[in-house]
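Trainee: Quick one: the structure is below, and I'll ask about it shortly.
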Amino acid sequence: MKINGKEITKQGVETIVFPRPDGDLVFRAKPVTSFEDFDKLCPRPKAPEMLKPGNIRIEDVEDPKYKKAISDWADKRSNWMLLQSLGATEGLTWDSINPSDSETWKNFGKELETCGLSPIELTHLFDILITACGLTQDKIEEATKRFLAGQAAQ
């Protein structure tokens, strides 16, 4: 796809550096543009069907087991996305996370906490993850201002 003949490109990789006496910690976050691999590992749960009068089958999205399953699935999806994004960090390995075991993905927050990152550093790290994986309102406003300034100059 192109706009005015210009090909649309992906967002860039975000980088954050935390100073340490024995060498700075460099984290990189890349945009996650596909959930195809996630969907193969963790298919979206299906709501159970219920039979309504007139022999009409509908999904029971209010079923408590389904609600729990979809909530767990959404948590796994978020964790997978953040892990994939941090995959841009060279040399990053995890102690308690197995990429093919969705039950371990939730450990990433705890691992980041226990490795010595301060709460403020964690906040900054999550900010770049969010920025890399999606547009923030600030980025949209900056781009809009650049566009409008260019229009005014013409």
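Trainee: Exactly one of these conditions fails for Asn107: (1) outside any loop (DSSP other than H, G, I, E, B); (2) within 30 Å of Thr9 (Cα to Cα); (3) touching a residue at least 12 places away in the same chain (Cβ under 8 Å). Give me its number.
Mentor: Against the list (1) outside any loop (DSSP other than H, G, I, E, B); (2) within 30 Å of Thr9 (Cα to Cα); (3) touching a residue at least 12 places away in the same chain (Cβ under 8 Å), Asn107 comes up short only on (2).
Trainee: Specify the residue that is modelled with the highest pLDDT; the eligible residues are those in segment 135-154 that are among the polar types (S, T, N, Q) and more than 19 Å from Ile3 (Cβ to Cβ).
Mentor: In this case the residue turns out to be Gln137.
Trainee: Can you tell me how many residues in segment 90-111 are more than 15 Å from the chain's Cα centre (by Cα) and closer than 20 Å to Ile16 by Cα?
Mentor: 7
Trainee: Only one of these is surrounded by 12 or more Cβ atoms within 10 Å (Cβ to Cβ), of a type in the set (S, T, N, Q), modelled with pLDDT of 90 or more and farther than 20 Å from Leu122 by Cβ: Ser85, Ser78, Ser71, Ser102. Name it.
Mentor: Going through Ser85, Ser78, Ser71, Ser102 in turn, the sole match is Ser102.
Trainee: If you go through segment 36-58, how many residues are touching a helix residue (DSSP H, G or I) at 6+ places or on another chain (Cβ under 7 Å) and over 30 Å from Ser118 (Cα atoms)?
Mentor: 6
Trainee: Can you pull out every residue in segment 1-45 that is within 20 Å of Ala132 (Cβ to Cβ), among the aliphatic types (A, V, I, L, M) and part of a strand (DSSP E or B)?
Mentor: Ile16, Val17, Leu25, Val26, Ala29
Trainee: Additional query: Go through segment 80-97 and count every residue that is touching a residue at least 12 places away in the same chain (Cβ under 8 Å), in a loop (DSSP other than H, G, I, E, B) and either farther than 13 Å from Leu112 by Cβ or of a type in the set (Lys, Arg) (or both).
Mentor: Counting residues in segment 80-97 that are touching a residue at least 12 places away in the same chain (Cβ under 8 Å), in a loop (DSSP other than H, G, I, E, B) and either farther than 13 Å from Leu112 by Cβ or of a type in the set (Lys, Arg) (or both) gives 3.
Trainee: Within the group Ala143, Ala88, Ala74, Ala47, which residue is closer than 26 Å to Gln11 by Cβ, in contact with a strand residue (DSSP E or B) (Cβ under 8 Å, 6 or more places away or on another chain) and of a type in the set (Gly, Ala, Ser)?
Mentor: Numbers: Ala143 fails: in contact with a strand residue (DSSP E or B) (Cβ under 8 Å, 6 or more places away or on another chain); Ala74 fails: in contact with a strand residue (DSSP E or B) (Cβ under 8 Å, 6 or more places away or on another chain); Ala47 fails: closer than 26 Å to Gln11 by Cβ.
After applying the criteria, what remains is Ala88.
The values are calculated or read from the model by the stated rules, or taken from the named source; none is laboratory data. Just so it is clear, the model here is predicted, and its values are computed rather than measured. As a convention, Cβ positions derive from the backbone with ideal geometry for all residues, glycine included, and neighbour counts pool all protein chains shown.
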